[in-house]
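All remarks here apply to the structure that follows.
The values are calculated or read from the model by the stated rules, or taken from the named source; none is laboratory data. Bear in mind the structure is a predicted one, so any value in this text is a computation, not a measurement. Cβ placement follows ideal geometry from the backbone for every residue including glycine, while neighbour counts extend to all protein chains displayed. Heavy atoms of the whole protein, side chains included, go into the accessibility calculation; ligands, DNA and RNA do not. Shrake-Rupley method; radii C 1.70, N 1.55, O 1.52, S 1.80 Å.
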Amino acid sequence: MMSNALLDQLPIATIRGRARIADRGQGDLGPDVAALHAAGWLNACLPVRHGGMGWSCEPAGSAPAFDALRLAGRANLSLARLFEGHMNAVKLVYLYANDALKSEIAATVAGGSLLGVWGADVPDDPVTRSGGSEAVSLKGIKQFASGLNLVEQAVIAVRTDEGTELWLAPTDERERADPAAWTMGGMRATQSGRYDFTGITLDRTSRLGVPDIYFTEPYFEGGIWRYCAAHLGAAEGIYEAMRDSLMRANRAHDPHQQRRIAECAIALETMRLWISRAAREVEAEGAPAGKAALSLLARDVTETNCLLVMDRAERALGTVAYIEGSLIERSCRDLRLFLRQAAPDAKRAKAVAQLLESSTLVEGL
């Protein structure tokens, strides 16, 4: 893969070099988001007919989208998280929005705007809406919202009596953002936190589709392949750092280290095969809902093998792997947190339910 010339345009080494600063809160991902725009990656997520490359929103774009997410994950998993959210938001707009909104988003993204998808509510103040036929007023707060002060518009899930609705809402008012609400040890550079939507008014044309359309398969759970690709990229970066460190220390030919290198290489290839298949088949024209099971199973494979890669890297390098702010320490810290998104046990149960219903091997999904 990685044959798309656009993939070579992102300055991976530069982004990786800035990652420690962003992780420590001494800088932000603004320059890296600008690099995504300059490389054409934000625009590439648009359909070809709107000037993009169809990354993840058209069948032919699934392979380069997979590789782009891997590359972003290698450079900085926090940036990959934001890019995956942008890719997801563009896809949702082009799946469910009206034609006018699609054209508006095409122009916005071409101008360099980063989009996001914010679904998680503050439990005691979920985002709801009220209003008439022309406009609605929002009330409530989103939490775990990634890209505060970077994401300019987000697709948000809004609770209603009819079901969960999707709306495209502005997210560019700094006084509504609360980054202090993010107290996690990992994914610090994502600039995550809470965003208060209370009092924001939206035109009815900003709604995407009908209630509960968000949960349509294979695009809801099926879209998990995207962040699995980012996880894979982070694991690849950890493996490369481990291998290079062992070679510099003249320890790569130790039989114990060779076993770890081989185990990591097998784990990475296992993930790549699973995730690339899920991407290809979920994003295929007319893919049936059952294909979502491939992404759910790929998520399980990804977690297992990412944990293996991190374990082997830490065992191979010993205390060196725990130097605060180093690529391996930061990447492992970020990846361990990101792997917990979201409800992995429930996702495995959904995949098993599909296997039981289909009465077939995974090959037949």
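Within the range 222-238, take every residue that is of a type outside the set (Gly, Ala, Ser) and surrounded by 22 or more Cβ atoms within 10 Å (Cβ to Cβ) and give me the one that is nearest to the chain's Cα centre (by Cα).
Per the stated criteria, the residue is 227.
Against the definition (at negative phi and over 18 Å from the mean Cα position of the chain (by Cα)), how does residue 298 come out, yes or no?
So residue 298 does not fit the description; no.
Looking at (1) open to solvent by 10 Å² or more (accessible area, probe 1.4 Å); (2) in a loop (DSSP other than H, G, I, E, B), which is the one condition that is false for residue 259?
All conditions are met except number (2).
For the range 187-208, give me each residue that is open to solvent by less than 20 Å² (accessible area, probe 1.4 Å) and not hydroxyl-bearing (Ser, Thr, Tyr).
Matches in the range 187-208: 187, 189, 193, 197, 200, 202, 208.
Filter the range 322-353 for residues that are open to solvent by less than 50 Å² (accessible area, probe 1.4 Å), touching a helix residue (DSSP H, G or I) at 6+ places or on another chain (Cβ under 8 Å), in contact (Cβ under 8 Å) with a residue 12 or more places away in the chain and not hydroxyl-bearing (Ser, Thr, Tyr) and give the result.
325, 327, 328, 330, 332, 334, 335, 338, 339, 344, 347, 351
Can you pull out the residues in the range 130-155 that are open to solvent by 30 Å² or more (accessible area, probe 1.4 Å), more than 16 Å from residue 90 (Cβ to Cβ), in contact with a Gly (Cβ under 9 Å, 6 or more places away or on another chain) and not aromatic (Phe, Trp, Tyr)?
137, 139, 143, 149, listed by residue number.
Which residue, of 97, 75, 120, 89, is among the hydrophobic types (A, V, I, L, M, F, W, C) and open to solvent by 30 Å² or more (accessible area, probe 1.4 Å)?
Result of the check over 97, 75, 120, 89: 120.
Just checking, how many residues over the range 153-183 are in contact with a strand residue (DSSP E or B) (Cβ under 6 Å, 6 or more places away or on another chain) and charged (D, E, K, R)?
The qualifying residues number 5.
May I ask you to say which residue of 184, 242, 247 is open to solvent by 50 Å² or more (accessible area, probe 1.4 Å), among the hydrophobic types (A, V, I, L, M, F, W, C) and over 26 Å from residue 88 (Cβ atoms)?
247
Restricting attention to the range 19-65, which residues are of a type outside the set (A, V, I, L, M, F, W, C) and surrounded by 21 or more Cβ atoms within 10 Å (Cβ to Cβ)?
Of everything in the range 19-65, those that are of a type outside the set (A, V, I, L, M, F, W, C) and surrounded by 21 or more Cβ atoms within 10 Å (Cβ to Cβ) turn out to be 23, 32, 43, 52, 54, 56, 61, 62, 64.
Let's see how each residue does on (1) closer than 15 Å to residue 116 by Cβ; (2) in contact with a helix residue (DSSP H, G or I) (Cβ under 7 Å, 6 or more places away or on another chain); (3) touching a residue at least 60 places away in the same chain (Cβ under 8 Å); (4) of a type outside the set (Phe, Trp, Tyr):
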position	(1), (2), (3), (4)
159	no, no, no, yes
172	yes, no, no, yes
178	no, no, no, yes
184	no, yes, yes, yes
187	yes, yes, yes, yes
